[in-house]
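Since the structure comes first, as structure tokens, the remarks are kept for the end.
The values are calculated or read from the model by the stated rules, or taken from the named source; none is laboratory data. Predicted model only: the values in this text are computed from it and were never measured. Here the Cβ positions follow ideal geometry from the backbone for every residue, glycine too, while neighbour counts run over all protein chains shown. Ligands, DNA and RNA are stripped out before the accessible areas are found, and what is left, the full protein with its side chains, is counted by its heavy atoms. Shrake-Rupley method; radii C 1.70, N 1.55, O 1.52, S 1.80 Å.
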Amino acid sequence: LAGQRVALNIPEVGKNDIPSGAVILKDNLVKESFKLIGNIKLLPEKDKLSNNQRVRVHLGTEEAIAKLILLESDEIYANEEQLAGLYLEKPLGTLSGDIIIIRNENNSATLGSLKVIDTSPAKVKRLNEEFNRILYQKLDGTGLDRFVYLISMEPFISKKELKLNLSLNDPELSSLVEEAGSQVILIEDQYVTSGKLYELKQEITDYVNLKLDATPLILWIPKEEVKSKFFSKVSSKVFNIVLDLWKDVLELEGNYLKPKGYVPKLTKQDQLLLDRILLLFKEDGFMTKSPKELALLLKISEDKLIKYLNYFVGLNLLVKIDESIYFEKEIYEKGLSEIVAYLEREGSIDIGVVKDILGTTRKYIVPLLEYLDYSKITKRVENKRILYRR
């Protein structure tokens, strides 16, 4: 039992290989950390301690120098207590609830103690009422309170991390998950609180809206941008499951996201130019102008024109064949249906036949056929194309 002595015979380990303060554990339940949060209490008739003061801390037979971070004021006086953080010069392996002895830096006097609340906090916030409220809830609360608190501090946390931070075994963790009920959600191997998931949903929806409103010609945000900003620690599989849960507010198109029902806010000048650009593509058929030629005709920069073209591609009104060739969607689909119909009749097609069908030149036909190959509509066999599907 705790407090009783035991002798360990550990073969092939010298006495100097195990440092003072080491502990023997089952299932690796303790994680070493350079940062702790707890509740510090000074002894009566001791000098005050100030924020950022260096102290010496003792845990069992282990000791380390640390910087004291007072979370509720700039100073703490004799017989007072408050929340505090410790930034350690070397890591300590602690459990929530451990008592750490606080001495002055030169080790000449004991000043007080700190009861550990969080063994590996992601953040340490000074003079923050909400942060302190949650810490007190964890300090005074039940095992369930500490469990929910830890999950709420991270957007997602794995079973392994939970067991390590709370020093739990599998049955204890399962019991807490059952007790938490709808407060905690398991997605693949990651736990998240329902409240945190709702906050993330609002935060990400607002983020996507703001980004699109700032750039009205962009219809979608890259999915990877959202993942790297909000879901960097989880797998793509978990991220995709979450997006599926949020399909009531976010639309997914390939690798892009937008708010459901999003309508861009265009200026009158943008709308006039967009109408003219689309009309030019309809008139040109399969002999379209390159972005450079079109920009010169419209007297705008090529960069700006590309934004207009990407806007139409996003709306599925233009088909981008390559960097210099775009076709109006209805014209492209009509030409494609004629090519496919010919292939279904004849079995194969060459550039000359495509030229007759579309009434265009090799300049456009070669990139178009390569695009159809890439899209797995056709397949190249020597100098002809066949349908990709049987």
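At-a-glance table
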quantity: Estimated dipole of region 32-71 in Debye, rounded to 20 [Cβ of Lys and Arg +1, of Asp and Glu -1, Cα centre]; calculated: 200 debye
quantity: Loop sites in region 262-325: GluC sites (Glu not before Pro), DSSP, at most 16 other Cβ within 10 Å; calculated: E323
quantity: Out-of-range pairs (alpha-carbon distance over 21 Å; input K46/K115; K201/K223; K223/K304; K125/K201); calculated: K223/K304; K125/K201
quantity: Inverse of mean 1/r across different Cα pairs in region 48-194, Kirkwood, Å; calculated: 16.5 Å
quantity: Relative contact order, percent, region 235-340 [alpha-carbon distance under 8 Å, six or more residues apart]; calculated: 18 percent
quantity: Top of K90, K260, K268 by mean-square fluctuation, Gaussian network on the chain, Cα under 10 Å; calculated: K268
quantity: Solvent exposure ordering (accessible area, 1.4 Å, most first) of V192, V353; calculated: V353, V192
quantity: Rg and Dmax of region 259-309, Cα atoms only, in Å; calculated: 12.3, 36
quantity: The chain: relative contact order in percent, alpha carbon pairs under 8 Å with at least 6 residues between; calculated: 9 percent
quantity: Where N is the number of residues in region 280-358, Cα Rg divided by 2.2 N^0.38 Å; calculated: 1.25
quantity: Set K233/K329; K258/K307; K31/K233; K237/K260 screened for pairs whose C-alpha atoms are more than 28 Å apart; calculated: K233/K329
quantity: Hydrodynamic radius (Kirkwood) for region 4-89, which is based on Cα pairs only, to one decimal in Å; calculated: 15.4 Å
quantity: Loop-resident sites, region 49-144, for GluC sites (Glu not before Pro), counting at most 12 other Cβ within 10 Å (DSSP); calculated: E105
quantity: Pairs of alpha carbons in region 194-275 whose separation is greater than 23 Å (percent); calculated: 25 percent
quantity: Cα-only Debye scattering, region 340-381: base-10 log of I(q)/I(0) at q = 0.18, 0.23, 0.24 Å⁻¹; calculated: -0.48, -0.79, -0.86
quantity: Charge context of E370, other residues only, Cβ under 9 angstrom, K/R +1, D/E -1; calculated: -1
quantity: Ranking by accessible area, most exposed first, for S108, S152 with a 1.4 Å probe; calculated: S108, S152
quantity: Compactness index (Cα Rg / 2.2 N^0.38 Å), region 146-190; calculated: 1.01
quantity: Volume of the Cα convex hull of region 86-169, divided per residue and given in Å³; calculated: 121 Å³
quantity: Residue among L219, L298, L200 with the largest mean-square fluctuation in a Gaussian network model of the chain, springs linking Cα atoms under 10 Å; calculated: L298
quantity: Value at 222 nm in deg cm²/dmol, rounded to 500, when DSSP H runs of n ≥ 4 in the chain each add -39,500 (n - 2.57); calculated: -12500 deg cm²/dmol
quantity: Solvent-accessible area, 1.4 Å probe, carbon plus sulfur percent, for the chain; calculated: 50 percent
quantity: Qualifying GluC sites (Glu not before Pro) in region 331-390, DSSP loop, other Cβ atoms within 10 Å at most 11; calculated: E382
quantity: Which of S348, N316, Y332, positive extreme of dipole for region 309-386 (C-beta unit charges); calculated: S348
quantity: Span per principal axis, largest first, for the Cα atoms of the chain (Å); calculated: 97, 55, 41
quantity: Relative packing of 304-315, 178-189, which averages over residues the other C-beta atoms within 10 Å, highest first; calculated: 304-315, 178-189
quantity: Where T267, T205 fall by accessible area, highest first, once all protein chains stay in place (1.4 Å); calculated: T267, T205
